[in-house]
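A quick write-up on the structure given underneath.
The values are calculated or read from the model by the stated rules, or taken from the named source; none is laboratory data. Worth saying up front: this structure is predicted, and the values here are computed from it rather than measured. We place every Cβ from the backbone using ideal geometry, glycine too, and count neighbours over all the protein chains shown. SASA here: full protein model, heavy atoms, side chains in, ligands and nucleic acids out. Shrake-Rupley method; radii C 1.70, N 1.55, O 1.52, S 1.80 Å.
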Amino acid sequence: MKRALPFLIIGTVLVIAVVAALYLKRSASTAVAPPPASPASPAIPAAGNGANGPTTGNETAATAEVGATPPHTHGPADAPVTLEEFGDFECPPCGLLHPVLQTMEKEFSGRIRLIFREFPLVPTHVHALAAARSAEAAGLQGKFWEMHDLLYENQKTWHDAFDARPIFEEYATRIGLNIEKFRADSSGEIVAQRIFLDGKRGHAMGVSGTPTVFMNGREVPFESLAPDKLRALIQAQLNAK
Amino acid sequence: MTNPPDTSQPIQSRRRTLLYALAALVSLIGLADAIYLTIEHLSGRSVRCTIVSGCSEVLSSEYATVRGIPLAMIGAAAYFAVFSLAVLAAYSYRWAAKSLTVIVGLMFITTLWLIYLQAFVIKHFCQFCLLSAFVTFILTVLIVISLRRN
């Protein structure tokens with residue numbers, strides 16, 4: 001019996017470790033389990049700010065917090081599927097999600113609408129707020145998505161910079177913005193207010209990290225943001241319509 | 001004239017047993033940490049950026065996986081190996097004690113490399129990775145002490 005004791009201890013710990021891993025895995029997936037796509041799932045209303053759409057547990061709070069108005073949208077207003085992303089331009093996973101969403105937009109052209117909400121994680125990401133301000137300032141000149149794309153596509157370049165603002169100004173010049181207005185707007189109250197309102201909406205909807213994506217008001221689990229899984233979710237949502 | 005009985009041997013043996021038992025207990029902390037990190041990695045929760053964690057940068061980096069296998073999962077296997085070998089070494093299996101020294105040595109070198117990556121390449125620290133590094137340092141100290149006693 002004494003000879004078997006160490007092996008018994010090792011076996012017991014192995015069993016406990018496997019059970020704990022399975023339990024954690026299960027709780028991790030049930031915490032953000034994807035809702036079944038059903039015809040009963042109401043969509044975010046096509047136009048405007050998406051204020052009446054979310055059907056999560058935070059519905060009331062989300063309805064109260066409409067976010068920046070009008071929101072930055074891409075795609076037809078009456079698209080059956082709306083993806084609302086809460087993103088941080090300096091967050092690497094958001095940068096990885098960017099081409100995925102672009103691909104989805106191409107594949108489901110005309111049937112999908114994207115909404116981008118600012119959720120800069122300060123102080124984790126030192127340039128995140130400046131990047132959000134730059135994107136919003138570009139938005140005031142009608143070039144939000146151009147700046148949005150440049151920021152994500154060149155994330156690694158400005159992420160390592162000591163001062164990212166000259167780089168953002170170079171992007172602004174590149175997309176043809178009035179640089180004086182861009183500078184003034186970047187530090188202006190309108191831009192600050194938009195970021196604040198988007199953040200407020202995010203908090204009301206239970207967003208604690210980025211990227212967080214809502215599909216027709218329901219949170220998409222992070223692991224489902226991989227191209228194949230997201231494609232399947234969108235397709236299921238379209239089939240349910 | 002007879003030599004006095006050597007009483008130091010059983011005491012040293014008992015101390016070694018205690019050191020290995022302690023190493024087994026400490027490795028359990030590393031095992032729990034690595035399992036948690038593996039689940040977080042696989043579910044994608046820690047890979048998401050949050051206000052308090054640098055784990056998203058670390059876990060979404062190219063260094064977080066080895067040929068598609070999460071590094072945390074390899075860490076969990078390593079900690080389980082350390083636990084098993086430490087238990088066997090505490091029960092006087094000599095080969096287990098030798099294997100334990102080798103595996104902890106490898107883990108120590110790997111840990112130094114991972115800390116370098118976090119500090120100078122990724123430029124973010126993940127608190128769970130730092131806990132794992134701390135556990136490996138403690139294990140290294142325990143093994144070095146046990147070697148000195150040998």
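In this entry, B:Leu112 passes the filter for residues that are of a type outside the set (Val, Ile, Thr) and open to solvent by 30 Å² or more (accessible area, probe 1.4 Å).
Yes or no, residue by residue, for (1) open to solvent by less than 10 Å² (accessible area, probe 1.4 Å); (2) of a type outside the set (Asp, Glu):
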{"site": "A:Thr73", "(1), (2)": "no, yes"}
{"site": "A:Val81", "(1), (2)": "yes, yes"}
{"site": "A:Asp88", "(1), (2)": "yes, no"}
{"site": "A:Glu118", "(1), (2)": "yes, no"}
{"site": "A:Thr124", "(1), (2)": "no, yes"}
{"site": "A:Leu129", "(1), (2)": "no, yes"}
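Scanning the range B:101-124 for any residue that is touching a helix residue (DSSP H, G or I) at 6+ places or on another chain (Cβ under 8 Å) and of a type in the set (D, E, K, R) turns up at least one such residue.
Taking B:Leu88 as the residue in question, decide whether it is touching a Pro at 6+ places or on another chain (Cβ under 9 Å), more than 26 Å from A:Val207 (Cα to Cα) and buried (at least 17 other Cβ atoms within 10 Å of the Cβ). When the stated conditions are applied, B:Leu88 passes them. Answer with yes or no whether B:Ala24 is in contact with a Ser or Thr (Cβ under 9 Å, 6 or more places away or on another chain) and either surrounded by fewer than 17 Cβ atoms within 10 Å (Cβ to Cβ) or modelled with pLDDT of 90 or more (or both). Yes, satisfied.
Give the residue that is nearest to the chain's Cα centre (by Cα), with candidates limited to residues of the range B:98-109 that are of a type in the set (A, V, I, L, M) and open to solvent by 20 Å² or more (accessible area, probe 1.4 Å). That would be B:Met107. Total residues in the range A:193-241 satisfying the condition of being surrounded by 15 or more Cβ atoms within 10 Å (Cβ to Cβ), outside any strand (DSSP E or B) and aromatic (Phe, Trp, Tyr): the figure is 1.
Go through the residues of the range B:108-127 one by one and say whether even a single one is of a type in the set (A, V, I, L, M, F, W, C) and not in a helix (DSSP H, G or I). The answer is yes, given that some residue of the range B:108-127 is of a type in the set (A, V, I, L, M, F, W, C) and not in a helix (DSSP H, G or I).
Taking A:Thr56, is it closer than 20 Å to A:Ala204 by Cα, of a type in the set (S, T, N, Q) and either modelled with pLDDT of 90 or more or not assigned by TED's automatic domain parsing to the domain that holds A:Ala161 (or both)? Against the criterion (closer than 20 Å to A:Ala204 by Cα, of a type in the set (S, T, N, Q) and either modelled with pLDDT of 90 or more or not assigned by TED's automatic domain parsing to the domain that holds A:Ala161 (or both)), A:Thr56 does not qualify.
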